[in-house]
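Trainee: Quick one: this structure, given as structure tokens, is what I'll be asking you about.
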Amino acid sequence: RYLTTVLVIFEDYGMAYAADARIGRLRQDLHLHPNFEFHFNKCNRKIRTHFLESVAPYGFFYCATVINKDPEMLSRYGINHQDIFNDYTGGRVFQDAKEFLNNALVVMDGEAGNSHFGTSLVRLLKKQVNAPGRRCIRKVKLQESSRNNLIQMADMVVGAVNRSFGSKDDAHLYRGIVSARERQVEVWPK
């Protein structure tokens with residue numbers, strides 16, 4: 001019912017590298033294959049919990065946009081075509097997080113970059129997020145999530161936020177683990 005987009009933001013490269021290394025060690029801790037890819041929807045409760053508890057101490061924060069995909073609700077705002085919807089959703093979280101971005105390197109899942117959504121989002125970011133006199137985004141890079149622990153971290157955080165809007169028995173468990181890192185979660189339409 002909801003489409004959730006999350007930006008995981010590190011203000012310090014050293015902290016990003018430390019979190020990346022911790023995720024690498026986490027595979028050993030959990031006796032997983034060295035190439036295991038963390039995806040929220042493919043992990044069980046134990047892995048999700050351990051992952052989020054392991055990264056929570058690192059110096060990051062996140063911003064999220066949660067879109068209610070109800071077609072009737074969206075049509076009231078003139079959003080009914082899939083391409084427009086995807087462009088709006090991806091761009092919205094960056095617009096909302098502008099105040100936290102300063103000459104940022106944005107790394108996105110390369111799989112998203114192979115689709116219309118990914119290429120449209122890259123164009124949108126370059127045109128709309130940077131403001132005259134303020135360079136919010138320096139560069140946008142596409143990488144495969146299987147080769148980037150921090151993209152996998154973003155997947156686990158987005159899963160935690162998205163799950164909190166459902167009715168499963170663990171709906172608030174995961175988001176609660178990383179709630180101290182939450183800066184902004186916009187739910188739209190309200």
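The values are calculated or read from the model by the stated rules, or taken from the named source; none is laboratory data. Only a predicted model underlies this, so the values are computations on that prediction, with no experimental measurement involved. In this analysis, Cβ positions are derived from the backbone assuming ideal geometry, glycine residues included, and neighbour counts consider all displayed protein chains. Keep in mind that these areas ignore ligands, DNA and RNA; they rest on the heavy atoms of the full protein, side chains included. Shrake-Rupley method; radii C 1.70, N 1.55, O 1.52, S 1.80 Å.
Trainee: Looking at VAL106 and the list (1) at pLDDT 80 or above; (2) open to solvent by 20 Å² or more (accessible area, probe 1.4 Å), which single condition is not satisfied?
Mentor: Evaluating VAL106 over (1) at pLDDT 80 or above; (2) open to solvent by 20 Å² or more (accessible area, probe 1.4 Å) leaves (2) as the failure.
Trainee: Name the single residue that is modelled with the lowest pLDDT among those in the stretch 126-159 being assigned to a helix (DSSP H, G or I) and basic (Lys, Arg).
Mentor: LYS126
Trainee: Scanning the stretch 160-190 for residues that are open to solvent by less than 10 Å² (accessible area, probe 1.4 Å) and assigned to a helix (DSSP H, G or I), which turns out farthest from LEU101 (Cα to Cα)?
Mentor: TYR174
Trainee: Which one of these is modelled with pLDDT of 85 or more, part of a helix (DSSP H, G or I) and open to solvent by 30 Å² or more (accessible area, probe 1.4 Å): ARG92, ARG25?
Mentor: Step by step, each of ARG92, ARG25 is checked, and only ARG25 is modelled with pLDDT of 85 or more, part of a helix (DSSP H, G or I) and open to solvent by 30 Å² or more (accessible area, probe 1.4 Å).
Trainee: Among the residues of the stretch 29-44, is any in a helix (DSSP H, G or I) and acidic (Asp, Glu)?
Mentor: yes
Trainee: For the stretch 54-89: of the residues being in a loop (DSSP other than H, G, I, E, B) and either of a type in the set (Ser, Thr, Tyr) or modelled with pLDDT of 90 or more (or both), which is farthest from the chain's Cα centre (by Cα)? Before the answer, list the steps.
Mentor: Narrowing the stretch 54-89 to residues in a loop (DSSP other than H, G, I, E, B): 56-59, 69-70, 76-81.
Next cut, either of a type in the set (Ser, Thr, Tyr) or modelled with pLDDT of 90 or more (or both) only: 56-59, 77.
Values: ALA56: 15, PRO57: 18, TYR58: 16, GLY59: 16, TYR77: 24 Å.
Out of the qualifying residues, it is TYR77.
Trainee: Within the stretch 1-22, which residues are over 30 Å from ILE137 (Cα atoms) and assigned to a helix (DSSP H, G or I)?
Mentor: The answer is none; no residue qualifies.
Trainee: Okay, next question. Can you pull out the residues in the stretch 109-125 that are in contact with a helix residue (DSSP H, G or I) (Cβ under 8 Å, 6 or more places away or on another chain), open to solvent by 30 Å² or more (accessible area, probe 1.4 Å) and at pLDDT 70 or above?
Mentor: Of everything in the stretch 109-125, those that are in contact with a helix residue (DSSP H, G or I) (Cβ under 8 Å, 6 or more places away or on another chain), open to solvent by 30 Å² or more (accessible area, probe 1.4 Å) and at pLDDT 70 or above turn out to be ASP109, LEU124.
Trainee: If we scan the stretch 42-51, do we find a residue that is open to solvent by 30 Å² or more (accessible area, probe 1.4 Å), in contact with a Lys or Arg (Cβ under 7 Å, 6 or more places away or on another chain), farther than 24 Å from LEU105 by Cα and of a type in the set (D, E, K, R)?
Mentor: No, the stretch 42-51 contains no residue that is open to solvent by 30 Å² or more (accessible area, probe 1.4 Å), in contact with a Lys or Arg (Cβ under 7 Å, 6 or more places away or on another chain), farther than 24 Å from LEU105 by Cα and of a type in the set (D, E, K, R).
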